1. Using DSSP to call loops (not H, G, I, E or B), can you name the GluC sites (Glu not before Pro) in segment 65-139 whose Cβ has at most 14 other Cβ atoms within 10 angstrom?
2. Once you list every other residue whose beta carbon is under 11 Å from the beta carbon of residue 187, what net charge do they have if Lys and Arg are +1 and Asp and Glu are -1?
3. On full extension of the chain, what length is gained from residue 127 through residue 174, given 0.36 nm per residue of separation minus the C-alpha to C-alpha distance?
Amino acid sequence: MRIRGSVSLVGITAGLLVMGGCTASTAPSGPGGLPQPSSTEELTGQAVVLEKDGEEPKVCFGLIEASLPPQCGGPAVTGWDWATAKESESAAGVTWGIYAVTGIYDGGGFTVTQPPIPVSRDDPYARQDPRVDGEAGTSSAAELERYQEEMASYFPSGVPDWSEITLLGSGVYNGYLVIDVIYDDGSVQRFFDEQWGEGTTIVQSALWKAT
């Protein structure tokens, strides 16, 4: 389960935050009015769970810096038990592993409700919008790159508080601005559709409704 290079577990986007129907509700909006969805039902997704000695474990859905041990940022995870997490690794006071995790996301933290399932970084467990590899979008690269620069206004200033974080990263691909988020109940996609027009962005959620 060794992680090599800087990798994203969500999709093809470049990380913007490095280090640091489902019944759902939308928390008070974040920077720029961006929705911050949460859910009262179980969600599932692929993530690196990492715990440093003396600190609480965190669940990383975005970019992973593949040093040894790996480095990443993410919400705190409650109810995590390494005794139930197979195929973990440890080095330099850090324990980590890549898992399919299931639990409740309250918009700032993740509470585990099911035993984690070990997965490979390349495992197809992670979902990808079919448009990413389908028919190309009609927006120009210059237009999409301009929108990507505008996205800086949707990030809180200073050290990230994960109760304020929605976005994980973005990248221009196949005629779309692909935006990775921790969780979208549809409100984040609607927000960007209203900002820049339908068919311009693809919002990919790291978490989706558990089945």
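Read-outs throughout are calculated quantities, based only on the coordinates presented, and are distinct from any laboratory measurement. Just so it is clear, the model here is predicted, and its values are computed rather than measured. Here Cβ is always computed from backbone atoms with ideal geometry, including for glycine, and neighbour counts include all displayed protein chains.
1. Numbers: sites: 65, 87, 89, 135; in loops: 87, 135.
The qualifying sites are 87, 135.
2. Working: positive: 190; negative: 184, 185, 193, 194.
After counting each charged neighbour, the total is -3.
3. The span from residue 127 to residue 174 would gain 15.2 nm if fully extended.
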